[in-house]
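Worksheet for the structure shown next.
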Amino acid sequence: MSIHIEAQAGQIADKILLPGDPLRAQFIAENFLEDAQCFNRVRGMLGFTGTYKGERVSVMGTGMGMPSISIYARELIVDYGVKTLIRVGTAGGLQTDVHVRDLVLAQAAATNSNIIRNDWPQYDFPQTADFTLLDKAYHISKDLGLTTHVGTVLSSDVFYSNYADKNIALGEWGVKAVEMEAAALYYTAAQHQVKALALMTISDSLVHPEEDTSAKERETTFTDMMTVGLETLLGN
């Protein structure tokens, strides 16, 4: 057991999907995995292990924000030997051609967080995806006919920010979407030499405010992202 995960040794697969919402983790386990067994209920952060197309796969919630995903990602890697981690979360679109329900693959993650800067004050340490996972997920999504964008996202420490106009301006500079976890996931993966990818569904838009989804929709209807994430895990 680790501090925040009650699983015993061997209960977590070496490849895992990481939705922010623990109820989305439960939805994935119940609708995509066979013989899924719950390995964690600590703090309500549900985690499950089962099989997908014959391969052993886990899924677990991470909560919201970079401090939260940093805790769970580190414990999964260090205490349970997880080697491949894919975030399956939501994001807000920052470009006019990025619409609700489109997929975004985070090739890189800019951030306004000090988590990384505290360790490397003299550098702008780049947060990047594992290329093999990124390439595989892109081709899977295109083969499925899904509208998919690849590029930089913004991992923000603040949801209700006082500088939304600055975030929108980043979209004009090529940033696809804003979310709250990818940079920390990529940084944790880099520290421990494992593979990570952030795959998001656009749930709302800062430039198309009329486009939005409900909490229930975000929990249960973003199945394209779940399929791409699981298919990308196969063989890794």
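Quick notes on this one:
- Sorted on the mean count of surrounding Cβ atoms within 10 Å across their residues, most packed first, peptides 64-73, 193-202 read 193-202, 64-73.
- Relative contact order for the stretch 144-189, counting Cα pairs under 8 Å that sit 6 or more residues apart, in percent: 50
- By the rule of a C-alpha distance below 21 Å, with chain neighbours fewer than 8 residues away ignored, the lysines paired with Lys83 are Lys15, Lys53, Lys136, Lys195.
- The length gained by stretching the chain between Leu144 and Gln193 to full extension, at 0.36 nm per residue less their Cα-Cα distance, is 14.6 nm.
- Hydrodynamic radius (Kirkwood) for the stretch 27-66, which is based on Cα pairs only, to one decimal in Å: 10.5
- Positive-end residue of Met64, Val88, Tyr52, charge dipole of the stretch 45-102 with Cβ unit charges: Tyr52
- Accessible surface for the chain, divided over its residues, is 45 Å² per residue with a 1.4 Å probe.
- Take 120-133, 84-97 and order them by the average number of nearby Cβ atoms within 10 Å per residue, most first; the result is 84-97, 120-133.
- Helix 182-192 and the longest principal axis of the Cα set of the chain meet at an angle near 50°.
- If you wrap the tightest convex hull around every Cα atom of the stretch 13-79 and split its volume per residue, you get 73 Å³.
- Cα point-scatterer Debye curve for the stretch 83-136, base-10 log of I(q)/I(0) at q = 0.20 Å⁻¹: -0.95
- Dimensionless Rg/Rh of the stretch 152-217 - Kirkwood Rh, Rg from C-alpha atoms: 1.01
- R0 of 35 Å, Cβ-Cβ distance Phe131-Glu30: FRET efficiency to nearest 0.05: 0.65
- Heavy-atom accessible surface of the stretch 1-157: percent carbon and sulfur, 1.4 Å: 50
- Binned Cα-Cα distances of the stretch 49-200, short to long, each 10 Å bin given as a whole percent: 11, 40, 37, 11, 1
- Degrees, to the nearest 10: 131-143 long Cα axis against longest axis of the chain: 80
- Under 13 Å from the Cα of Lys216 - aspartates and glutamates, other chains or at least 8 residues apart: Asp21
- Degrees between helix 22-32 axis and first principal axis of the chain (Cα, 0 to 90, nearest 10): 60
- Most mobile listed residue (Val178, Val104, Val150) in the chain, GNM with C-alpha springs under 10 Å: Val150
- Judged by the mean number of other Cβ atoms found within 10 Å, the most tightly packed of the peptides 48-56, 13-21 leads the ranking 13-21, 48-56.
The values are calculated or read from the model by the stated rules, or taken from the named source; none is laboratory data. Values in this document were obtained by computation on a predicted structure and should not be read as measured data. Please note: Cβ atoms are built from the backbone with ideal geometry, for glycine as well, and neighbour counts cover all protein chains shown. Calculation scope for accessible area: heavy atoms of the full protein, side chains included, ligands and nucleic acids excluded. Shrake-Rupley method; radii C 1.70, N 1.55, O 1.52, S 1.80 Å.
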